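Notes follow once the structure below has been shown.
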Amino acid sequence: MVIAHVIDSLEVGGAEMIVATLCRSHAAAGHNVEVHCLITAGRLAAELEREGVPIHVHEAGWQGTWTLYRALRQSRPDVIHCHNKAATVRAALVAWLARGRAIVATRHGIVRPPFRLRKELKFWIAAALLCDRVVAVCEAARRNMTDGAPSVAHKLVTIRNGAHPPRTDSAQMPAKRGFTLVSVARLVRSKGFDTLLRAVAVAHRVVPDLRLWIVGSGAELNALERLSNELRLEAVVRFCGERRDVGNWLHAADVFVLPSRSEGLPISAIEAMAAGLPAIVTDVGGMPELVALSGAGVVIPVDDVESLARAIVDVASRRAELPMLGARASDCYRAHFTPERMAVEYLALYRECFESAAA
């Protein structure tokens, strides 16, 4: 089977990591895979190219649309898989004109109501008219799209994200002191790190050995560092930057925390489960599903400093239970969130779409 993925870029991010994982899994199973980037390539593109996966970068505008059409006509994919709204809007019609045998779209995130109709309408039209199936990465995402676009409800399927256990380097394990939280994400406003810092400042009064590692980088780094200093958390919070050895930080910590304002089904939360960490997460996207499936976490309201602080204090007071909760998280990961399970489910969907189109 020839499988073509279309995505904005292969910079490091959740959707991009899913594409890289699917490429590797399906290539290892003997299928021909390729990736078409609509904006830029990125670090993951270089890694995939070294592994033999063809990467095509198409410019913006009509010239890029034409080169995408020509590339798809040349490779004649059995399945063209568009990732997220912009790629679906731009590429689904091109894929149809290029006589793609089957067209699949995955929406990796969730649009919080109220829906902005003008921004969503193009995606809904492309999905309804041109896509054989639309994939939601969790049940919350499926409900979200069903509410927003009833016209595509009959095309929706749920395939939960999967991720490999995070990379570790035993020679560089971080030194841990006290009860340590870890959070892994891009430092952008939607991740809610300002709320987390304020909650840590409150919880630290009750848990004096509390520590927080923030792994990641992004546009909010300087503002978050200033807020940390204003809250006098210099000795409590460590900004670790973007890391290739995320597994080291997860394995060394006690609890994973992600205070996001919006999410789909975050890879970092799945990696934390693989590392055997219980979690404190906000009630957005698929994160409550993770906690419900594992029984190893706490769900709190979005942007609620006091609730987050209470959850931190409560988990810290029950440290003896952490190994048991961590075992639950690991078991849940192996049952529901491995990359192998995800790759098999996508391949079955591709075959269903391809066979239906050929009938």
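The values are calculated or read from the model by the stated rules, or taken from the named source; none is laboratory data. Please read all numbers here as calculations on a predicted model, not as lab measurements. Reconstructed Cβ throughout: ideal geometry from the backbone, glycine too, with neighbour counts over all protein chains shown. To get the accessible areas, we keep the full protein, side chains included, count just its heavy atoms, and leave off ligands, DNA and RNA. Shrake-Rupley method; radii C 1.70, N 1.55, O 1.52, S 1.80 Å.
Numbers for the structure displayed
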read-out: Solvent-accessible area per residue for the chain (1.4 angstrom probe, square angstrom); value: 44
read-out: Angstrom value of the Kirkwood radius, inverse mean 1/r, which spans all Cα pairs in the chain; value: 21.2
read-out: Cα-based shape type of the stretch 156-274, given that a ≥ b ≥ c are square roots of the gyration tensor eigenvalues and the cut on a/c is 1.5; value: oblate
read-out: Lysine pairs within the chain, Cα separation less than 28 Å, 8 or more sequence positions apart or different chains; value: 9
read-out: Amide H partners (placed H, <5 Å) of THR282, local residues excluded; value: LEU258, SER260, ILE300
read-out: Relative contact order (%) - criterion: Cα under 8 Å, at least six apart; region: the chain; value: 15
read-out: Of the GluC sites (Glu not before Pro) in the stretch 1-60, those whose Cβ has at most 14 other Cβ within 10 Å and which sit in DSSP loop; value: GLU51, GLU59
read-out: Average Cα contact separation per residue, the stretch 179-307, under 8 Å, 6 or more apart, as relative contact order %; value: 27
read-out: Kirkwood hydrodynamic radius of the stretch 130-206, from inverse mean 1/r over distinct Cα pairs, in Å; value: 16.9
read-out: About the Cα centre, charge dipole magnitude for the stretch 199-278 (Lys/Arg +1, Asp/Glu -1 at Cβ), debye; value: 120
read-out: Solvent exposure ordering (accessible area, 1.4 Å, most first) of ASP314, ASP147; value: ASP147, ASP314
read-out: Acute angle (nearest 10 degrees) that the helix 221-230 long axis makes with the longest principal axis of the chain, alpha-carbon atoms; value: 20
read-out: Normalised contact order of the stretch 1-123, rounded percent, pairs of Cα under 8 Å and 6 or more residues apart; value: 26
read-out: Listed residues GLY52, GLY162, GLY276, most fluctuating in the chain (Gaussian network, C-alpha, under 10 Å); value: GLY52
read-out: Using alpha-carbon coordinates, inclination of helix 339-358 to the longest axis of the chain, degrees; value: 20
read-out: Normalised per residue, the volume of the convex hull around the Cα set of the stretch 1-127 (Å³); value: 98
read-out: Residue-averaged 222 nm ellipticity for the chain, from DSSP H runs of 4+ at -39500 (n - 2.57), nearest 500; value: -14500 deg cm²/dmol
read-out: Nearest-ten-degree value, helix 193-204 long axis tilted from longest Cα axis of the chain; value: 20
read-out: Listed residue (PRO259, PHE123, CYS353) projecting farthest to the positive dipole end of the chain, Cβ model; value: PHE123
